[in-house]
Amino acid sequence: MSVNPNDPRQRQLQGLALLLQLQRKARSAQDAAELAFIMVNETRSLLDYRQAALWIADARAVKAVSGVAQLEANAPYIVWLNGVAQTCDSGRFSGAAQAVGAQDLPERLRQDWPQWLPPFGLWLPLRYQGRAWGGLLLAREQPWQEADSVLLAELADAYAHAWQALHRTRPGWLKSISAGSLKYWLVGLTALMLLPVRQSVLAPAEVIAAEPVVVRAPLEGVVDSFSVLPNQNVSGGQLLLSLTNTDIANRLEIARKAWAVAEAEYRKSAQQAMFDPDSKAELAVLKSRIDQHAAEVAYMQDQMERSQIKAPRDGIAIFSDVHDWIGRPVALGERILMLADPAKAELEMRLPVADYIEFADGAQAVMFLNVDPQHPLDAEVYSVSYQAEAGADQTLAYRVKARLRAQDQVPRIGLKGTAKLYGPRVSLFYYLFRRPLAAARQWLGL
């Protein structure tokens, strides 16, 4: 089927085919240099022109010119083109595709137009998401028609999308920041990162007794019974628990019988001493044996009395549960419970190894109780363990203790919460990136 070049419909179809072909070429460009070449050189296949130039607003420079493989930024023609493109981009030509000529330029640029460009120019703004980021300047000897502007505007829209697809767009909040003002933002951000702030970490915390009395097992035995309950108020001398030791009971019974035998032998020898001088000499030995057995009986009775453990002072009995101890064997010196004064409490925090920071003397700590987070407790750190210890969850942590600053409203012993520990002042950059930097150094081995 033959094509008649004089048929308007055929010319329109041919123009649309060329438009689609150029759009497809633009979208398949591998990089910005290839796309810029297509924009200033191959657009001529759609509509004829003599000169074309691509202007990028962010760089404030012409990036490509038709017929030129490599630009010389200081060349007179390129310097003049930069001025023309900047005038078109910032003036009344930034709205839509419009014709431009020497008469539309300032005096300093107007007189050089005949030297560098044909008389009739066309400015095509390149827009993406409503923002003009550049423009395409075309110039030729014939005037531009309205149909030419519509066709080229459609092509410019495809060029703009293809260009942005090859460049990573900045976030929306950065789109309004020009390249010139970006350095001021960077300076401000750097100054902000150098601001001193107080370093702080979070750690699980618990209210514990201050200066408690530890009740330990005075001898080996088995817990027979408890006379108090957990968190019960006790007075000094009150019975707390009883231990059973079969060995001591058996030894006490043996010692009592040996004592009785020794006394019987002594009485027998004393009666015989009236008639037998030899029996009189044995009386001193038998008397010493009686004293020995009496001392053994007294010692065993003292051990039996010690198996009845009593409170050394007034306080609250702190231990887990009665049923956890009944029938349980205990060793000499093993801790069974504690007696604490409810009016004296302090904080204990377990700071994970990864969160450890340096603490000055009297560092501030604030605890937020789980039952009452609206009323934090102010405290002062006075002790940090030298070595990390494994807790119930098998994680290594440092034990940190702090005294409550307000002693008028002491919380109940045993309450738990989260504490915030404050360290020395550091830069905001170190405060934000301390953990990421530590992880990076461990991963990189630096």
Just going by the charge dipole of the chain, with Lys and Arg at +1 and Asp and Glu at -1 on Cβ, which of 300, 191, 228 is farthest out on the positive end? 191
So how much slack lies between residue 190 and residue 232, counting 0.36 nm per residue of separation and subtracting their Cα-Cα distance, in nm? 9.2 nm
Quick check on segment 306-396: what does the Kirkwood estimate of hydrodynamic radius come out to from the alpha carbon pairs, in Å? 17.1
For the chain, with a Gaussian network of springs between Cα atoms less than 10 Å apart, report the residue from 229, 182, 47 with the top mean-square fluctuation. 47
Dipole size in debye (nearest 20) for segment 40-119 around its Cα centre, Lys and Arg Cβ +1, Asp and Glu Cβ -1? 60
Surface per residue (accessible, 1.4 Å probe) for segment 279-344, Å²: 59
Given the -39500 (n - 2.57) contribution per DSSP H run of 4+ residues, what per-residue ellipticity at 222 nm results for the chain, rounded to the nearest 500 deg cm²/dmol? -12000 deg cm²/dmol
May I ask you to compute the full-extension gain from residue 388 to residue 334, defined as 0.36 nm times their residue separation minus their alpha-carbon distance, rounded to one decimal in nm? 17.1 nm
Give the residue from 118, 134, 71 lying farthest towards the positive end of the charge dipole for segment 53-137; charges sit on Cβ (+1 for Lys and Arg, -1 for Asp and Glu) and the dipole is referred to the Cα centre. 134
Unit charges on C-beta of K, R, D, E only; dipole of segment 27-77, Debye: 120
A 1.4 Å probe over the protein heavy atoms gives the chain a carbon and sulfur accessible-area percentage of 54
Whole-number D in µm² s⁻¹ for the chain, Kirkwood Cα-pair radius fed into Stokes-Einstein, 20 °C, 1.002 mPa s: 66
Over 5 Å intervals from 0, what percent of Cα-Cα pairs in segment 293-357 sits in each interval? 3, 10, 14, 16, 14, 13, 11, 8, 4, 3, 2, 1, 0
About its Cα centre, the chain carries a charge dipole, from +1 on Lys and Arg Cβ atoms and -1 on Asp and Glu Cβ atoms, whose size in debye to the nearest 20 is 1420
Choose one answer from 158, 402, 17: the residue with the largest mean-square fluctuation in a GNM of the chain with alpha-carbon springs under 10 Å. 17
Which three extents, in whole angstrom, do the alpha-carbon atoms of segment 352-446 cover along their principal axes, largest first? 51, 33, 25
I'd like to check one number: the per residue accessible area of segment 14-172, probe 1.4 Å, reported in Å² as a whole number. 51
At 0.36 nm per residue, minus the direct Cα-Cα distance, what do residue 220 and residue 60 gain on full extension? Give it in nm, one decimal, please. 48.6 nm
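The values are calculated or read from the model by the stated rules, or taken from the named source; none is laboratory data. Bear in mind the structure is a predicted one, so any value in this text is a computation, not a measurement. Glycine also receives a Cβ, built like all others from the backbone with ideal geometry; neighbour counts cover every protein chain displayed. Each accessible area value is taken on the protein alone, full model and side chains, heavy atoms only, with ligands, DNA and RNA left out. Shrake-Rupley method; radii C 1.70, N 1.55, O 1.52, S 1.80 Å.
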